[in-house]
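S.K.: Take a look at the following structure, please.
None of the figures in this text is laboratory data; all of them are computed from the coordinates on show. Everything quoted here is computed from the prediction, not taken from an experiment. Backbone-built Cβ (ideal geometry, glycine too); neighbour counts: all protein chains shown.
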Amino acid sequence: MEFEIWWLLGIPIFFGLGWIAARVDIKQLLSESRSLPSGYFKGLNFLLNEQPDKAIDAFIEIVKLDPETAELHFALGSLFRRRGETERAIRVHQNLLARPDLPQEHRLQALFELGQDYLKAGLLDRAEETFNQLLETSYGAQARRALLEIFQREKEWPRAIEAAQGLQQSGAGGRQKEIAQFYCEMAQDELVHTHPDAALALLEKALAADRKSVRATLLIGDAAQAKGDLEGALLAWRRVEQQSVPHVALVAQRLMDAYRSVGRAEEGINLLKFYLAEAPSIDLLEVVFQGVFELHGVEAAKQLASDELRRTPTLLGLDKLLDARLMDARPENRPELSMVKHLVHGYAQKLARYQCSHCGFKARQFYWQCPGCNRWETYPPRRTEELNVMN
C-alpha cells in the first residue's frame, strides 16, 4: 500500500517537469522565430499559396540583407530551376561555391544542385563534370543516377551500362532491365549497319543481364533472319511466348512472314490462332485475319473476326469485322456499309494507342522506352481500348 502512495505522489512531479520542459521549448522556438527576417515568412506563405514569383522576390530581398544564409540560397536556386530560369539558378549556386567559408556539407549540396541546373539547361558536358566530382561523396548514388540519365540522353550506351552497374554495386537497387535494354540498343545499331554477328554477341549479354528480356529475344530472331537463317529466326521469335504471351503480338507479323517464306503458312496460321486464344490482341488479330483471308478466303476471315468480336468486344474488332463484310458485300449494300466502316474506323484509330503505365503518354507505335518519362518497358503490348475492356 505504501508503494502505491509514493507512486501517486510522484505523478504531480512528473507533470510539473513536463510543463517546465514545454515552457523552455516554447521560449526557445519564439526566440528563434523572432531572429528570422519577416521576409522569410512572407516567402514561405507565398510558396504555400503556390505563388512562386512573389516567393522569389521575397527570398531575393532576404539574401540581399543576409548573404550568409545558405539555406535561402538553396531555396532560391531550386525555385529558379523549377521555373526554367536555369541561368539564374546556376549563378546562385556558383556564388555559394565561391564562398571560402562554406561548410563542406553545404559545398557538396551546392555542387549537386549546380549539376542539376546544368542538366536542366541541357549543358550535359558541364553536368557530367560536376556529377563526377561527387561520386566518392555522400551524394554518390544521386550523382550516378544523374550520370545514367546523361549517358542515356547522349545514347552513350557503354557508359550507361557502366553507370547502371555502378549503381547496382553501390546498393542503389537492381538495374538488370535497363542494362539489357542498353545492350539491345547497341545490338539494334549493329543490325542497322548489317553486322548480325556483332549484334548476336551483344544480345547474349542482354539476356545474361535479364533472362526475361523480350526485346533481346526478338532481336536475336532479327539477327538470325539477317544471316539468312529463317529456321533460327522462327525458333527465337517463338521463345517470346515463354517470356510473355502478350508480347507475341509484337512478333506476329515476323512469324507469319517467315512461315510463309519457308512454305509453311498453314502452320504459322495455326500457331498464331493458338496465341490469339491465349492472349487476345487487336495487333495479333490483324495478322491472323490477313493470313486466314489469303489461305481460306473471305468467309473464314469473316468468321474469325466475328468470333473474336464476341469474345473481346471492341471498336477495333468491329472495324476488322466490317473489313470482312465489305469484301463480299452486294454492290447495293456497299455505300451504306462503307459509310459505317468509315465512321467506326475513325473512332477506332483514336483508340489504337499504346499507353505508358507510368506517365500515361500515348503513342501510335510501341516503344521500349517511353518518350514521355524515359522509363524502360512501361508500355503494355496492348492497345488502350483492349486494356479498358480487360479492366
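S.K.: Kirkwood hydrodynamic radius, segment 109-250, all distinct C-alpha pairs: what's the number in Å?
M.R.: 16.4 Å
S.K.: Given Cα positions, please report Rg to Rh for segment 264-352, the hydrodynamic radius being the Kirkwood one.
M.R.: Rg/Rh: 0.98.
S.K.: Within a 10 angstrom radius of the beta carbon, how do Leu134, Leu203, Leu295 rank from fewest other beta carbons to most?
M.R.: Leu295, Leu134, Leu203
S.K.: Between Gln165 and His193, what FRET efficiency follows from the Cβ-Cβ distance if R0 is 30 Å, with the result rounded to 0.05?
M.R.: Efficiency, rounded to the nearest 0.05: 0.70.
S.K.: Provide the gained length on full extension for the span Arg211 to Cys373, in nm with one decimal, where the gain is 0.36 nm per separating residue minus the Cα-Cα distance.
M.R.: 55.9 nm
S.K.: Gain in length, Arg99 to Phe274, computed as 0.36 nm per residue apart minus the alpha-carbon separation, to one decimal in nm?
M.R.: 56.0 nm
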